[in-house]
Amino acid sequence: MGKPVVIVGAGLSGLSCARTLHAQGIPVRVLERGRAVGGRVQTDEVDGFRLDRGFQILLTGYPALAQHLDLDALDLRAFEPGAVLWTGQRFETIGDPLRAPASMLPTLFARSGTLRDKIEVLRLRRDVLRGDDYAAFSSDDRTTLEYLQSRGFSERFIEQFFRPFLGGVFLEPNLETTARFFRFVFRMFSSGEAAIPARGMGSIPLQLAAGLPAGSVSVETAVAEVRSNGVRLEDGPWLEASAVVVATEATSAARLVRGIEVPPWRAVSCFYFAADRAPSTRKALHLDASSGGPINNLHVASAISPEVAPPNKHLISVTCLGGTNDPERLRDAVLAQAETWFGAQVRAWTPVRDYVIGEALPAQPVGALEPPRRPVRHRSGVYVCGDYVDQASIDGAMASGRRAAEAIAADQSREATG
Ligand SMILES: Cc1cc2nc3c(=O)[nH]c(=O)nc-3n(C[C@H](O)[C@H](O)[C@H](O)COP(=O)(O)OP(=O)(O)OC[C@H]3O[C@@H](n4cnc5c(N)ncnc54)[C@H](O)[C@@H]3O)c2cc1C
């Protein structure tokens, strides 16, 4: 067998790249610095709970999933379409009447949003569903806030629904993320489900890695230097390669190869709590529409998937936007706010683990997705992929990995015939 393509990083982009190359009969070797595959998508087991490293969801409409993922085998558990909003006094449901007809009445009567807002949501849905899946990336490039205002949504609806909902997707509350990404994501929410694998998001990279030949993925193997004909490992050895793919997050890529611009990062803090009693039986995202802070969103993870908690226990996941130097203090503030939502039962919640993730998502302000897909050929024999090369999502990471693999296959077959 010839020299393999060496892929640096076993996140979703690196694994998708490896799967695409393997499917074309090109030998691969994936080298991962961390203890396990998955990069930013991993699930930890703690005291019988399964905790995703930061709350994330899989949008089943993502076009890049089809090639390598067996969604049935992931045993996906879907969220209710829409969300439950905490308005300061009460919870209100904003449903998706087209997909969950029973949510029509509560949605119409919800005080968050005028009738015009609710009709405009349906029109927006219709508009984003036009064209192909990636049509959004050639649409208007302005901030999401400007875009929503231009469509005539009321300030109240933007504040109470879009700001917390999209804040949790973009990991920034100002809605300064380009409307191109918003329109893509809104199409994905409209065309498929928001779901989590029964045993946590970490099942996704595990499934991708399981489709690669035994021994082709090495963990705890950090790469220190990249050349077009191989890589040097941090502990010394040199590995020969027919080509190298840098499939790391932008910060590490900039250390390994020249000319990578590292976008500013969006940070997030996620807190998990155990409880004997579930504060809500809804399989829904609970959003803070009151701007009371610090909670952005909360859900009962064990209501979505009982497999993530031991029997008779419930797992609550809370997300706050931004990082913190003092997670305990932020956790106390989270509990104090949750008590205003659910009452004294919150005093019995016990912390399971906190995650403060400084480098969660590359920022995508206006201009960041122009062009929507950046080149995967870095220089002869060296390729890049990752969410910062495409759009900052599971879909972008996987699609960029596939693009890098296709570029390598095309270049190698040209060299072989030329
Ligand atoms: C908290 C959070 C919430 C998110 N929410 C969502 C969501 O709801 N929906 C969604 O679609 N996306 C979401 N995302 C984004 C999504 O998870 C990422 O876009 C995607 O996983 C990025 O994959 P990647 O392969 O580009 O990078 P990474 O996952 O960062 O993988 C890069 C890999 O390279 C490895 N590496 C780095 N340097 C080296 C080296 N020198 N040698 C060897 N290996 C190295 C790293 O250890 C890592 O494993 C979220 C991300 C976070 C963190």
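What is the number of the single condition among (1) assigned to a loop (DSSP other than H, G, I, E, B); (2) closer than 24 Å to V217 by Cα that A73 does not meet?
In the conditions (1) assigned to a loop (DSSP other than H, G, I, E, B); (2) closer than 24 Å to V217 by Cα, A73 misses (1) alone.
In the range 316-369, which residues are over 24 Å from F170 (Cα atoms), among the aliphatic types (A, V, I, L, M) and not in a helix (DSSP H, G or I)?
Result: V352, single match.
Among V231, V217, which is near the ligand (Cβ under 9 Å from one of its atoms), crowded, with 18+ Cβ neighbours inside 10 Å and not aromatic (F, W, Y)?
V231
Return the total of residues in the range 135-152 being crowded, with 19+ Cβ neighbours inside 10 Å and farther than 17 Å from L369 by Cα.
Adding up the residues that qualify gives 1.
With the condition kept exactly as written, say whether any residue in the range 76-94 is modelled with pLDDT of 95 or more, within 12 Å of the ligand (Cβ to nearest atom), part of a loop (DSSP other than H, G, I, E, B) and under 17 Å from I196 (Cβ atoms).
Scanning the range 76-94, I find at least one residue that is modelled with pLDDT of 95 or more, within 12 Å of the ligand (Cβ to nearest atom), part of a loop (DSSP other than H, G, I, E, B) and under 17 Å from I196 (Cβ atoms), so the answer is yes.
The rows are residues; the columns are (1) of a type in the set (G, A, S); (2) outside the structural domain of E406 (by TED's automatic domain parsing); (3) at pLDDT 95 or above.
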residue	(1), (2), (3)
F273	no, yes, yes
L285	no, yes, yes
S291	yes, yes, no
A301	yes, yes, yes
A338	yes, yes, yes
A348	yes, yes, yes
Y355	no, yes, yes
G358	yes, yes, yes
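So P106 clears everything in (1) within 27 Å of A309 (Cβ to Cβ); (2) surrounded by 14 or more Cβ atoms within 10 Å (Cβ to Cβ); (3) modelled with pLDDT under 95 except one condition, right? Which one?
In the conditions (1) within 27 Å of A309 (Cβ to Cβ); (2) surrounded by 14 or more Cβ atoms within 10 Å (Cβ to Cβ); (3) modelled with pLDDT under 95, P106 misses (1) alone.
Go through (1) surrounded by fewer than 19 Cβ atoms within 10 Å (Cβ to Cβ); (2) more than 16 Å from the ligand (Cβ to nearest atom); (3) not aromatic (F, W, Y) for R353 and report which single condition fails.
Unmet condition: (2).
Looking only at the range 52-71, decide whether some residue is of a type in the set (K, R) and more than 9 Å from the ligand (Cβ to nearest atom).
Kept after step one, since they are of a type in the set (K, R), are these residues of the range 52-71: 53.
Now drop any that are not more than 9 Å from the ligand (Cβ to nearest atom), which leaves none.
No: zero hits.
Scanning the range 170-193 for residues that are among the aliphatic types (A, V, I, L, M) and not in a helix (DSSP H, G or I), which turns out surrounded by the fewest Cβ atoms within 10 Å (Cβ to Cβ)?
Within the range 170-193, the first condition is being among the aliphatic types (A, V, I, L, M), and the residues that meet it are 171, 175, 179, 185, 188.
From what's left, not in a helix (DSSP H, G or I): 171, 175.
Numbers: L171: 22, L175: 20.
Only one residue tops the list, namely L175.
(1) closer than 15 Å to A198 by Cα; (2) in contact with a strand residue (DSSP E or B) (Cβ under 6 Å, 6 or more places away or on another chain); (3) not basic (K, R): which one isn't true of A303, the others all being true?
Among (1) closer than 15 Å to A198 by Cα; (2) in contact with a strand residue (DSSP E or B) (Cβ under 6 Å, 6 or more places away or on another chain); (3) not basic (K, R), A303 violates only (2).
So which residues in the range 261-318 are over 18 Å from Q337 (Cβ atoms) and in contact with a Pro (Cβ under 6 Å, 6 or more places away or on another chain)?
P263, the sole residue that qualifies.
Can you run down the residue pairs with Cβ atoms below 9 Å, 6 or more apart or on separate chains, where the first is in the range 53-82 and in contact (Cβ under 8 Å) with a residue 24 or more places away in the chain and polar (S, T, N, Q) and the partner is within 14 Å of the ligand (Cβ to nearest atom) and assigned to a helix (DSSP H, G or I)?
The qualifying pairs are Q56/I394; T60/M188; Q67/S16; Q67/R19; Q67/T20; Q67/M398; Q67/R402.
Collect the residues in the range 366-400 that are more than 22 Å from R187 (Cα to Cα) and touching a Cys at 6+ places or on another chain (Cβ under 9 Å), keeping them in residue-number order.
V376, Y383, C385
Find the residue count for the range 6-29, including only residues that are assigned to a strand (DSSP E or B) and under 12 Å from C385 (Cβ atoms).
Narrowing the range 6-29 to residues assigned to a strand (DSSP E or B): 6-8, 28-29.
Checking which are under 12 Å from C385 (Cβ atoms) leaves us with 7-8.
Number satisfying all stated conditions: 2.
Of all residues in the range 8-33 being over 21 Å from the mean Cα position of the chain (by Cα) and within 11 Å of the ligand (Cβ to nearest atom), which is surrounded by the fewest Cβ atoms within 10 Å (Cβ to Cβ)?
So, considering only residues that are over 21 Å from the mean Cα position of the chain (by Cα) and within 11 Å of the ligand (Cβ to nearest atom), the one surrounded by the fewest Cβ atoms within 10 Å (Cβ to Cβ) is L31.
Quick one: which of D326, D288 is buried (at least 24 other Cβ atoms within 10 Å of the Cβ), more than 27 Å from G48 (Cβ to Cβ) and not polar (S, T, N, Q)? Quick ask: steps written out before the conclusion?
Values: D326 fails: buried (at least 24 other Cβ atoms within 10 Å of the Cβ).
Criteria check complete, one pass: D288.
Quick check on my filter: what residues within the range 234-253 are of a type in the set (D, E, K, R), more than 9 Å from the ligand (Cβ to nearest atom) and either under 9 Å from V5 (Cα atoms) or modelled with pLDDT of 95 or more (or both)?
E240 - this is the single residue of the range 234-253 that is of a type in the set (D, E, K, R), more than 9 Å from the ligand (Cβ to nearest atom) and either under 9 Å from V5 (Cα atoms) or modelled with pLDDT of 95 or more (or both).
Only one of (1) within 12 Å of the ligand (Cβ to nearest atom); (2) touching a Ser or Thr at 6+ places or on another chain (Cβ under 7 Å); (3) charged (D, E, K, R) fails for R40. Which number is that?
Exception for R40: condition (2).
The values are calculated or read from the model by the stated rules, or taken from the named source; none is laboratory data. Just so you know, these numbers come straight off a predicted model, no measurement behind them. As a convention, Cβ positions derive from the backbone with ideal geometry for all residues, glycine included, and neighbour counts pool all protein chains shown.
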